[in-house]
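Step one of this worksheet: look at the structure below.
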Amino acid sequence: MTFREFLAQLLFPWMIMSISLYYGVVTVAKLLLALDLTTLTSWDKFNEAWFGNFWVYMGPVAKEGAQAWVMPLLEGRVREGEICQTVQNPVEGTVLEIGAGSGMWMDVLAKVTASSARATKVYGVEPNPVSAAALRRRIDELGMQGRYEVLPYGIEDLQAKADIQPGSVDCIMTVQCLCSIPEPDKNIRLLYEYLKPGGRWYVFEHVKAEEGLLIPAYQRFSNFFWSFFLGSCTLCRSTRSSILNVGNWRAVDLERPVDEGPLSVVPHTMGTLQKA
Ligand SMILES: C[S@@+](CC[C@H](N)C(=O)[O-])C[C@H]1O[C@@H](n2cnc3c(N)ncnc32)[C@H](O)[C@@H]1O
């Protein structure tokens, strides 16, 4: 890695936070114009509106950075952090897309599942109202009516509100969202319960930096500000071990992407797990 690339790694979280700050100002202006004092005077509601507006812009940008990995992952072409040519077990059947955001992966899901012999129904779990509205618009844009349904609440409300039985889901996909969910261990367990035996979980998540001293310390420092600017997202989450320890897995393939260097301030884990 060159010095320029290293510097870019260090500046990356601050660049994202600056963009978010801009959308914070845009959100205040929008709420003032709409005379929406309820949202303006509640931190939780404002934070939700702020992140939703930010993600309408940031979703496509984040997708551009991640799709070289996420597309082959959903196609069943990722093994041990590498992209392969042979397809093995693509996403299909009854699918839970967790933290679906503004629907950035819906076109990829449409493409991947089009060639499957099995009928696919995707449930997009998304509690942020701004993102859930964008997700519904995306269904119309892509003609996914009947094949994609928005569940406008969080994982923690699935049991009470969704008509989906534990042990009935073929595939779960979590793309850059387990960094944002509350009570990760509890909610990851809830998701595990929804998978049927033999069901697969597709993961692409940014995680806690654990190599050496400098990068983990710098990540913790950046996270102090990140958690304020990025809604409920946190940089330092041990998502890989949370998923590994949630229950019994028949097969586990969850690795760092091979082309991601050890000096990444926002490192990832990606791959699939199959429930025992
Ligand atoms: C960083 S965004 C990623 C969105 C999308 N996966 C993508 O790649 O464009 C994280 C998403 O997780 C959602 N989220 C937060 N808490 C959640 C919860 N309890 N259950 C499900 N999703 C949640 C947020 O609203 C947000 O849309």
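The values are calculated or read from the model by the stated rules, or taken from the named source; none is laboratory data. What you see is a predicted model, and the numbers here were worked out from it, not measured in a lab. For neighbour counting, all protein chains shown are included, and Cβ atoms are generated from backbone atoms with ideal geometry for every residue, glycine included. Calculation scope for accessible area: heavy atoms of the full protein, side chains included, ligands and nucleic acids excluded. Shrake-Rupley method; radii C 1.70, N 1.55, O 1.52, S 1.80 Å.
Spacing of the modelled spin labels on residue 45 and residue 274, each 7 Å from Cα toward Cβ, amounts to 4.9 nm.
The stretch between residue 196 and residue 133, if pulled fully straight at 0.36 nm per residue, gains 19.7 nm over its current Cα-Cα span. Using only the Cα atoms of the range 199-276, build the gyration tensor, take square roots of its eigenvalues as a ≥ b ≥ c, and label the shape rounded, prolate or oblate: rounded if a/c is under 1.5, else prolate if a/b is larger than b/c, else oblate. Since a/c reaches 1.5 and a/b is larger than b/c, the shape of the range 199-276 is classed as prolate.
For residue 149, the residues whose amide H sits under 5 Å from its own are 122, 123, 124, ignoring neighbours fewer than 5 places away on the same chain, with H placed 1.01 Å from N.
Could you tell me whether the chain comes out rounded, prolate or oblate from its Cα gyration tensor? Rule is a ≥ b ≥ c as square roots of the eigenvalues, rounded for a/c under 1.5, then prolate if a/b exceeds b/c, otherwise oblate. Oblate shape, in that a/c is at least 1.5 and b/c is the bigger or equal ratio. Take 29-41, 64-76, 142-154 and order them by the average number of nearby Cβ atoms within 10 Å per residue, most first; the result is 64-76, 142-154, 29-41. If the chain linking residue 61 and residue 2 were pulled fully straight, counting 0.36 nm for each residue of separation and taking away their Cα-Cα distance, it would gain 18.8 nm. The share of accessible area on the chain that comes from carbon and sulfur is 57 percent, using a 1.4 angstrom probe.
Accessible area per residue (1.4 Å probe, heavy atoms of protein chains only) ranks 140, 253, 107 as 140, 107, 253, with the largest value leading.
Per residue, how large is the accessible surface of the chain? Use a 1.4 angstrom probe and give square angstrom. Using a 1.4 Å probe on heavy atoms only, each residue of the chain averages 48 Å². At q = 0.15, 0.24, 0.27, 0.29 Å⁻¹ the log10 of I(q)/I(0) for the range 1-60 amounts to -0.53, -0.93, -1.06, -1.13, computed by Debye summation with a single uniform scatterer per C-alpha, solvent ignored. Measure up 30/208; 30/121; 45/111; 45/275; 111/196 against 31 Å on the Cα-Cα distance and list the ones that go over. Check vs 31 Å cut-off fails for 30/208; 30/121; 45/111; 45/275. Taking the DSSP bridge list for the range 66-275 and keeping only pairs wholly inside it, about 45 percent are antiparallel.
Annotation: peptides 257-267, 229-239, 197-207, ranked by per-residue average of other Cβ atoms within 10 Å with the highest first, follow the order 197-207, 229-239, 257-267. In plain terms, the C-alpha convex hull of the range 118-198 casts an average shadow of 5.9 nm² when viewed from every direction.
Taking 0.36 nm per residue of separation and subtracting the Cα-Cα distance, full extension of the segment from residue 258 to residue 164 would add 30.2 nm. Building the convex hull from the alpha-carbon atoms of the range 1-133 and averaging its projection over directions returns 10.7 nm².
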